[in-house]
Amino acid sequence: MRTDIDALADRVLGVLSASAESDYIGEDVNQLEHALQAAHFAREAGASDAQVLAALTHDIGHLLDPEAPSMAGLGVIDHERVGADYLRAQGFSESVARLVEGHVQAKRYLTFAKPAYAARLSEASRGTLEWQGGPMDADEAKAFEADPLFGPILAMRTWDERAKVVGLEVLGLEGYRACLVAHLEETARADDAG
């Protein structure tokens, strides 16, 4: 099992590593810097390993297929779902996949619940919001608030928004390998037991 887990970890870390060459949709950091900063802020907040890994991989859906349908130059359409499905296929827990899948819904929720939040969004984030369905309506917001992962998903959004700091020194990608491998091993054991 360990060899398979190491290969999965290499695959995921390879996708993230290659993103150092990818623009982060109009921001002043690249995709890898954004991912590492999001994970850094999650660790700073004392988040669980699953939350840290979700922060690290939350935008992986943008990085998987250069030919994927895009939001007019603003990244991959439904990148949150694409990324979550990819992570599930690689053996990540449902918790990590759901956090990744939910980070766009958190933006939609916050623009509904806190109109001042929308004013703070970057130009790129405002552009993607339109592609992602715009602010939630009251019924969508009520359903989202009932999600057991509501709090962690909102925290993910906070780390995502902060992760745009030029020159911020953070732990490198290899610093997450042990956490990633342990998570994949734990998920594989739980799947085998279930």
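Here ARG126 meets each of (1) charged (D, E, K, R); (2) at pLDDT below 85; (3) closer than 15 Å to ALA38 by Cβ with one exception, condition (3).
Against the definition (of a type in the set (D, E, K, R), touching a residue at least 40 places away in the same chain (Cβ under 8 Å) and open to solvent by 40 Å² or more (accessible area, probe 1.4 Å)), how does ASP85 come out, yes or no? The answer is no for ASP85. The set of residues in the range 88-122 being free of Cβ contacts under 8 Å to residues at least 60 places away in the same chain and either of a type in the set (Ser, Thr, Tyr) or in contact with a strand residue (DSSP E or B) (Cβ under 8 Å, 6 or more places away or on another chain) (or both) consists of SER95, TYR109, THR111, TYR117. When every residue of the range 101-115 is checked against the conditions, at least one turns out to be more than 21 Å from ILE25 (Cα to Cα), open to solvent by less than 60 Å² (accessible area, probe 1.4 Å), in contact with a Lys or Arg (Cβ under 9 Å, 6 or more places away or on another chain) and not acidic (Asp, Glu). Looking across the range 33-51 at every residue that is of a type outside the set (Lys, Arg) and open to solvent by 30 Å² or more (accessible area, probe 1.4 Å), the one that is nearest to LEU63 (Cα to Cα) is identified as GLU33.
Contact map, the range 1-25: residues that are more than 23 Å from ASP160 (Cβ to Cβ) paired with residues that are surrounded by 12 or more Cβ atoms within 10 Å (Cβ to Cβ) and modelled with pLDDT of 80 or more, Cβ distance under 6 Å, separation 6+ or inter-chain. Pairs shown: ILE5/VAL181; ILE5/LEU184; ILE5/GLU185; LEU8/GLN90; LEU8/GLY91; LEU8/LEU184. The C-beta contact set for the range 123-146 (first residue without any contact (Cβ under 8 Å) to a residue 24 or more places away in the chain and under 13 Å from HIS103 (Cα atoms), second residue of a type in the set (Val, Ile, Thr) and in a helix (DSSP H, G or I), distance under 7 angstrom, 6+ apart or interchain) comprises LEU129/THR111.
Selection of the range 64-82 for residues being open to solvent by 70 Å² or more (accessible area, probe 1.4 Å) and in contact (Cβ under 8 Å) with a residue 24 or more places away in the chain yields only ALA72.
The values are calculated or read from the model by the stated rules, or taken from the named source; none is laboratory data. Nothing here was measured: the structure is a model prediction, and the numbers come from that model. Methodologically, a virtual Cβ is constructed for each residue, glycine included, from the backbone with ideal geometry; neighbour enumeration extends over all protein chains shown. Note: areas computed on protein heavy atoms with side chains; ligands, DNA, RNA excluded. Shrake-Rupley method; radii C 1.70, N 1.55, O 1.52, S 1.80 Å.
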